[in-house]
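Written below as structure tokens is the structure these notes are about.
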Amino acid sequence: MNPPKNAAKQISQNPDYSLGSLKGSLLFANLPDEEIAHFQNAARPHTYKKDKILYLQAEPAVNFYMICSGWIKLFHTLPEGEEVIVDMLTTGHIVGESAIFDHGCYTSSAQVVSAVHLLSIPLKVLKERINLGTKLAFNMLTSMSQHHRRHYGAIALNALQNAPQRIGCFFLSLCPEDKTKAAVFHLPYDKALVAKTLGMNNATFSRALNILRQKTDIRIEGDRVEIDQVLRLVKFVYGDLSVKYLPATM
């Protein structure tokens, strides 16, 4: 779901809008409407610009958040002050909910990296409803398991890929599911952050991007990316494993 620019106003004025946003999350999957209504009634819409700190690691958690559009960076700050990116999340993801398992404190910091529309929901509502229903508790465990599986899967794949392939993999994540067509999209956040997310410094990222251009004929102007042959990019990124990432009809 990609809400329009006035999403916060629509959410506040249209109960079905927030209901649809919540239903799109794995946490609330297959729950009856009357159960989701407890969260819908408590939800409050917010719009934040880039660089807004949503919450900080280890601070007491009051709310958790449903992302309706935009991107949020989750990160840890090491004792030396260095920032380590944990994840980049967008539409449909929930952040801050894991605080209920960590003494009521946030397990990471969260910062807006492109303008977001959010629903904030008191964490106490989640605690109350989990205590009353096993389905919600199961959904939460499933959601966390899926998050960790995706995260560790990405780490394993990155270990096998060179820098150009890692950038290509990131671009593919922004492409439509149909890998047989061309694709045009805009980077969701600046290239420096893309580089850091992929574990590269700016110089390495720039060199790898040039190699990717040469190998796949993609075009990049500013934050705009054009890919004439997405299938060619798939084969470059995954090599002999590319068949796993193509449609069943291929």
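The values are calculated or read from the model by the stated rules, or taken from the named source; none is laboratory data. All values reported here derive from a predicted model rather than from experimental measurement. Every residue, glycine among them, receives a Cβ derived from its backbone with ideal geometry; neighbour counts consider all protein chains shown.
You will find that of LYS124, LYS73, the residue that is assigned by TED's automatic domain parsing to the domain that holds SER25 and either among the hydrophobic types (A, V, I, L, M, F, W, C) or surrounded by fewer than 21 Cβ atoms within 10 Å (Cβ to Cβ) (or both) is LYS124 and no other.
Within the range 84-116, which residues are outside any loop (DSSP other than H, G, I, E, B), within 20 Å of HIS46 (Cα to Cα) and polar (S, T, N, Q)? SER109, GLN111, SER114 - these are the residues of the range 84-116 that are outside any loop (DSSP other than H, G, I, E, B), within 20 Å of HIS46 (Cα to Cα) and polar (S, T, N, Q). Among the residues of the range 40-74, the one identified as within 18 Å of ALA99 (Cα to Cα) and among the acidic types (Asp, Glu) is GLU59. Of the residues that make up the range 64-83, is at least one part of a loop (DSSP other than H, G, I, E, B) and modelled with pLDDT of 90 or more? The answer is no, given that none of the residues of the range 64-83 is part of a loop (DSSP other than H, G, I, E, B) and modelled with pLDDT of 90 or more.
Tell me, which residue of the range 210-224 that is hydrophobic (A, V, I, L, M, F, W, C) and within 21 Å of GLN161 (Cα to Cα) is surrounded by the fewest Cβ atoms within 10 Å (Cβ to Cβ)?
Taking the range 210-224 as the starting set, the residues that turn out to be hydrophobic (A, V, I, L, M, F, W, C) are 211-212, 218, 220.
When the remaining residues are screened for being within 21 Å of GLN161 (Cα to Cα), the result is 211-212, 218.
Details: ILE211: 16, LEU212: 22, ILE218: 22.
This residue is ILE211.
For the range 127-157, filtered to residues that are polar (S, T, N, Q) and surrounded by fewer than 16 Cβ atoms within 10 Å (Cβ to Cβ), the residue that is nearest to ALA29 (Cα to Cα) is THR142.
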